[in-house]
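Engineer: This is the structure I have questions about; it appears just below.
The values are calculated or read from the model by the stated rules, or taken from the named source; none is laboratory data. Keep in mind that what you see is a predicted model, and the values were worked out from it rather than measured. Cβ placement follows ideal geometry from the backbone for every residue including glycine, while neighbour counts extend to all protein chains displayed. Just the protein is used for accessible areas: all its heavy atoms, side chains included, with ligands, DNA and RNA removed. Shrake-Rupley method; radii C 1.70, N 1.55, O 1.52, S 1.80 Å.
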Amino acid sequence: MLPEQYAADIARGLAELRLYAEARMSGRCTIHRITGSAVVDGFKVPAWTETHVDLPIRISGAAHGDAPMRVEDIAGLEVALARRVAHLPHDTTDLDDGDHIEVTSGELVGSVFRILESGGQDQATARRLPVVAVARPSEWDEE
């Protein structure tokens, strides 16, 4: 078989696998990004923009072979945070490190996750992003 034939077989199989992956994304989410700051009651707070609304999502445990925990320094204290993986449609673009994912429907409705690394990958069935759970920013309730 010639390399072109392999490529065509892979492309056909990948399209079908992407449909299966997206079918498993039974939740919906909104992606929020800090785009500046605002003053509320005399305090400077982050200003957020929604970059994606009603996007399919699935949250899973740590990626295969990945460390299930991430250690972060928060105000001088080392804190171990559980790493999760957010699965989004494979063609999702305009994602940045630090964006926040708000789960708006599904099993984890109300949960908020921060994207640790937004880079994509070739021939993927889903856009998989390492995330950590974070508290819901209070500014979202002011909007």
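Engineer: Within segment 70-120, track down each residue that is closer than 17 Å to Trp140 by Cα and not hydroxyl-bearing (Ser, Thr, Tyr).
Structural biologist: Gly98, Asp99, His100, Ile101, Glu102, Val103, Val109, Gly110, Val112, Phe113, Arg114
Engineer: Select from segment 83-102 the residues that are open to solvent by less than 60 Å² (accessible area, probe 1.4 Å), within 19 Å of Arg70 (Cα to Cα) and more than 9 Å from the chain's Cα centre (by Cα) and list them in ascending order.
Structural biologist: Arg83, Gly98 - these are the residues of segment 83-102 that are open to solvent by less than 60 Å² (accessible area, probe 1.4 Å), within 19 Å of Arg70 (Cα to Cα) and more than 9 Å from the chain's Cα centre (by Cα).
Engineer: Looking at (1) open to solvent by less than 90 Å² (accessible area, probe 1.4 Å); (2) more than 12 Å from the chain's Cα centre (by Cα); (3) under 24 Å from Thr125 (Cα atoms), which one does Leu19 not meet, given that it meets all the others?
Structural biologist: Here Leu19 meets the rest and fails (1).
Engineer: Does segment 1-15 contain at least one residue that is open to solvent by less than 60 Å² (accessible area, probe 1.4 Å), polar (S, T, N, Q) and either farther than 19 Å from Leu116 by Cα or at pLDDT 80 or above (or both)?
Structural biologist: No, segment 1-15 contains no residue that is open to solvent by less than 60 Å² (accessible area, probe 1.4 Å), polar (S, T, N, Q) and either farther than 19 Å from Leu116 by Cα or at pLDDT 80 or above (or both).
Engineer: May I ask you to list the residues in segment 134-143 that are in a helix (DSSP H, G or I) and either in contact with a strand residue (DSSP E or B) (Cβ under 6 Å, 6 or more places away or on another chain) or open to solvent by 40 Å² or more (accessible area, probe 1.4 Å) (or both)?
Structural biologist: Glu139, Asp141, Glu142
Engineer: Can you give me the number of residues within segment 103-133 that are part of a strand (DSSP E or B) and open to solvent by less than 30 Å² (accessible area, probe 1.4 Å)?
Structural biologist: Matching residues across segment 103-133 total 8.
Engineer: Additional query: Going through segment 83-123 one residue at a time, which ones are without any contact (Cβ under 8 Å) to a residue 60 or more places away in the chain and touching a Lys or Arg at 6+ places or on another chain (Cβ under 8 Å)?
Structural biologist: Selection gives Arg83, Val85, Ala86, Asp91, Thr92, Gly110, Val112, Phe113, Leu116, Gly120, Gln121.
Engineer: So, one more: Which members of segment 65-102 meet the condition of being at pLDDT below 80 and assigned to a strand (DSSP E or B)?
Structural biologist: Once the filter is applied, which keeps residues that are at pLDDT below 80 and assigned to a strand (DSSP E or B), segment 65-102 yields Met69, Arg70, Val71, Glu72, Asp73, Ile74, Val79, Ala80, Leu81, Ala82, Arg83.
Engineer: Right, here's the next one. Inside segment 1-50, can you point out the residues that are out of contact with any strand residue (DSSP E or B) (no Cβ under 8 Å at 6 or more places or on another chain) and either of a type in the set (Ser, Thr, Tyr) or in a strand (DSSP E or B) (or both)?
Structural biologist: Tyr6, Tyr20, Val40, Phe43
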